[in-house]
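Here's the structure, in structure tokens; my notes come after.
The values are calculated or read from the model by the stated rules, or taken from the named source; none is laboratory data. What you see is a predicted model; the values in this text were computed from it and never measured. When we count neighbours, we look across all protein chains shown, and the Cβ atoms used for this are built from the backbone with ideal geometry, even at glycine.
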């Protein structure tokens, strides 16, 4: 679908009950200067009329309506498959709580077109509330800890990350993916409901022999956590720890995974009781947070793919399961 020398780019925006931020995202995209740009909004079964309202205000975009809340990867994949089927040259994952500058896309496409080995491009992602503060400037996944490390997070932008370079982690908040990358590694991994899918996808890209490129002029602003509550015990703690274990088992050699799992068990037993208090307002909050970490470890043995049903079941059990204490001995 390349026209007049500009490869086609299809933007995929996953929407779930975030009318104001999605609207701001679409308004910013409306000012983009890239000439061959298409927008696909995927509604993840919001059920509150917000997607229909956006559709009436921004009729130029394509709207897809998922029949259920499929989470991030599965939700986005509906849009990615639609764009792929339309012959998109590039696919841009853009969070609904992102806003972009008018000329943000041209540098990313230009640099990707210069190198056939580039699988995806990430850029300067700044905090919306403090636009001179980094949220993400590339990064890497620490293979020993099975942990994504965002470069620059919380730092003031003083030009320290103004160089185009290879990196190890492309944030799902704003990631330009070449069409051929999907041919090599597939669509977003669907083991995860929310979180860690970007680590997995970045790891798959690198293991396929492709590069992830950081382009600083590819710039956007991220309003973090608009579609969920930070420190949420089900989505962040239970889901996050479960996803972390899924990722670790998937990419570590068997011997390393066994050692890592044992080390993670010790982390939960000795460090987690203190860490679980972060963000808790009451003792009840703390007990639920504590349970969530322990339950994720126990449940990993039987759950290798996290969906809404698993999270809903965890929410129910967190309200009824006694708190594990010092005697906790996970299998």
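Name, by its number, the condition in (1) outside any loop (DSSP other than H, G, I, E, B); (2) within 18 Å of residue 103 (Cβ to Cβ); (3) in contact with a strand residue (DSSP E or B) (Cβ under 6 Å, 6 or more places away or on another chain) that does not hold for residue 26.
Condition not satisfied by residue 26: (3).
Taking the conditions exactly as written (farther than 28 Å from residue 192 by Cβ and outside the structural domain of residue 305 (by TED's automatic domain parsing)), does residue 94 satisfy them or not?
No; evaluated as a whole, the condition is false for this residue.
How many of the residues in segment 78-110 are more than 24 Å from residue 190 (Cα to Cα) and crowded, with 19+ Cβ neighbours inside 10 Å?
Result for segment 78-110: 6.
What number of residues within segment 48-58 satisfy the criterion of being touching a residue at least 24 places away in the same chain (Cβ under 8 Å) and outside any helix (DSSP H, G or I)?
Matching residues across segment 48-58 total 2.
Give just the number: which of (1) modelled with pLDDT of 95 or more; (2) under 20 Å from residue 96 (Cα atoms); (3) under 16 Å from the mean Cα position of the chain (by Cα) does residue 235 not satisfy?
(1)
Would you confirm whether any residue within segment 222-240 is part of a strand (DSSP E or B) and either more than 24 Å from residue 181 (Cβ to Cβ) or in contact (Cβ under 8 Å) with a residue 60 or more places away in the chain (or both)?
Yes, segment 222-240 has at least one match.
Against the definition (out of contact with any strand residue (DSSP E or B) (no Cβ under 7 Å at 6 or more places or on another chain), over 16 Å from residue 167 (Cα atoms) and either part of a helix (DSSP H, G or I) or at pLDDT 95 or above (or both)), how does residue 190 come out, yes or no?
yes
Which ones in segment 138-163 are farther than 23 Å from residue 243 by Cα and exposed (fewer than 15 other Cβ atoms within 10 Å of the Cβ)?
Correct list: 154, 155, 156, 158, 159, 160, 162, 163.
Can you say whether residue 303 is modelled with pLDDT of 95 or more and either assigned by TED's automatic domain parsing to the domain that holds residue 170 or over 28 Å from residue 16 (Cα atoms) (or both), as far as the supplied structure shows?
Taking the combined requirement at face value, the residue does not satisfy it.
Please identify the pairs in which a residue from segment 247-273 that is under 25 Å from residue 188 (Cβ atoms) and assigned by TED's automatic domain parsing to the domain that holds residue 294 has its Cβ atom under 8 Å from the Cβ atom of a residue that is buried (at least 16 other Cβ atoms within 10 Å of the Cβ) and modelled with pLDDT under 95, counting only partners at least 6 apart or on another chain.
Here the result reads 247/146; 248/146; 251/146; 252/146; 260/146, each pair linking segment 247-273 to a residue that is buried (at least 16 other Cβ atoms within 10 Å of the Cβ) and modelled with pLDDT under 95.
Report whether or not residue 51 is within 30 Å of residue 217 (Cβ to Cβ), crowded, with 17+ Cβ neighbours inside 10 Å and more than 20 Å from the chain's Cα centre (by Cα).
No, not satisfied.
Condition check ((1) under 26 Å from residue 89 (Cα atoms); (2) touching a strand residue (DSSP E or B) at 6+ places or on another chain (Cβ under 7 Å); (3) at pLDDT below 95) across all residues:
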site: 144; (1), (2), (3): no, no, yes
site: 149; (1), (2), (3): no, yes, no
site: 152; (1), (2), (3): no, yes, no
site: 166; (1), (2), (3): yes, yes, no
site: 177; (1), (2), (3): yes, yes, no
site: 186; (1), (2), (3): yes, no, no
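Do we find that residue 170 is buried (at least 20 other Cβ atoms within 10 Å of the Cβ) and in a loop (DSSP other than H, G, I, E, B) in this structure?
Spelling it out, residue 170 is indeed buried (at least 20 other Cβ atoms within 10 Å of the Cβ) and in a loop (DSSP other than H, G, I, E, B).
If you check residue 64 against the conditions, is it surrounded by fewer than 22 Cβ atoms within 10 Å (Cβ to Cβ), in contact with a strand residue (DSSP E or B) (Cβ under 7 Å, 6 or more places away or on another chain) and assigned by TED's automatic domain parsing to the domain that holds residue 187?
For residue 64, the condition - surrounded by fewer than 22 Cβ atoms within 10 Å (Cβ to Cβ), in contact with a strand residue (DSSP E or B) (Cβ under 7 Å, 6 or more places away or on another chain) and assigned by TED's automatic domain parsing to the domain that holds residue 187 - is met.
Can you spot a residue in segment 88-97 that is more than 17 Å from residue 32 (Cα to Cα), assigned to a helix (DSSP H, G or I), over 15 Å from the mean Cα position of the chain (by Cα) and touching a residue at least 12 places away in the same chain (Cβ under 8 Å)?
no
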